[in-house]
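Contents: one structure, followed by commentary.
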Amino acid sequence: MNILEDKSLLRRLAMTAARMEVHAHKFIFEPFNLTMIGAKIMFIIKKYGPLKPTDFLRFVGGTISNLTQRINLLERNGYITRSASDDDGRSVILKLTPKGDQLLNTLITTADKHISEFEKQLTPEEIKVFQNILDKLNGMLDVHSCTKRI
């Protein structure tokens with residue numbers, strides 16, 4: 001069977017999610033010289049406050065070496081800082097800088113504009129049905145996942 005003609009809901013959702021990720025990269029993250037994972041790291045810091053680098057694996061998955069590369073790039077660009085933990089002087093915590101906070105706010109505004117363009121093509125009923133399906137799928141994933149919802 002041709003995967004592009006597959007009628008399986010989850011396969012089609014996965015293909016659509018991959019296409020949306022490419023769209024987001026090109027029109028939202030790339031113009032700011034940022035990756036989706038980099039933006040996610042910054043968003044997590046903004047939402048949860050200073051965290052240890054290993055805490056991010058619960059949210060983004062992947063390997064510690066890949067995460068470290070992303071963190072190093074964000075630090076080099078001045079979006080986050082590393083500092084000694086108040087609880088344990090040996091461990092490091094990551095904080096968002098004012099420059100990073102400003103970039104994140106601009107990024108969120110840009111993303112909201114793109115999201116609005118997509119959503120205004122759907123009826124309120126379609127949005128509600130889609131939200132319910134996504135909630136149900138996320139609930140199923142929560143049971144079987146190694147990552148935490150943001």
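If you check every pair at least six apart or on different chains, which have Cβ atoms under 7 Å apart with a residue in segment 9-33 that is farther than 16 Å from Leu104 by Cβ and touching a residue at least 60 places away in the same chain (Cβ under 8 Å) first and a residue that is of a type in the set (Gly, Ala, Ser) and not in a loop (DSSP other than H, G, I, E, B) second?
none
Would you mind telling me which numbered condition in (1) part of a helix (DSSP H, G or I); (2) more than 26 Å from Asn138 (Cα to Cα); (3) without any contact (Cβ under 8 Å) to a residue 60 or more places away in the chain; (4) of a type outside the set (A, V, I, L, M) Thr54 fails?
(2)
Mind listing whichever residues of segment 113-126 are of a type outside the set (Phe, Trp, Tyr) and exposed (fewer than 12 other Cβ atoms within 10 Å of the Cβ)?
Once the filter is applied, which keeps residues that are of a type outside the set (Phe, Trp, Tyr) and exposed (fewer than 12 other Cβ atoms within 10 Å of the Cβ), segment 113-126 yields Lys113, Ser116, Glu117, Lys120, Gln121, Thr123, Pro124, Glu125, Glu126.
Step by step: first the residues of segment 57-82, then only those that are part of a helix (DSSP H, G or I), among the basic types (Lys, Arg) and modelled with pLDDT of 85 or more, then the one that is surrounded by the most Cβ atoms within 10 Å (Cβ to Cβ). Which residue is that?
Arg70
Quick one: in segment 83-100, which of the residues that are of a type in the set (Val, Ile, Thr) and assigned to a strand (DSSP E or B) is surrounded by the fewest Cβ atoms within 10 Å (Cβ to Cβ)?
My answer is Val92.
The values are calculated or read from the model by the stated rules, or taken from the named source; none is laboratory data. Quantities reported herein were computed from a predicted structural model and do not represent experimental measurements. Cβ coordinates were reconstructed from backbone atoms using ideal geometry, including for glycine residues, and neighbour counts include every protein chain displayed.
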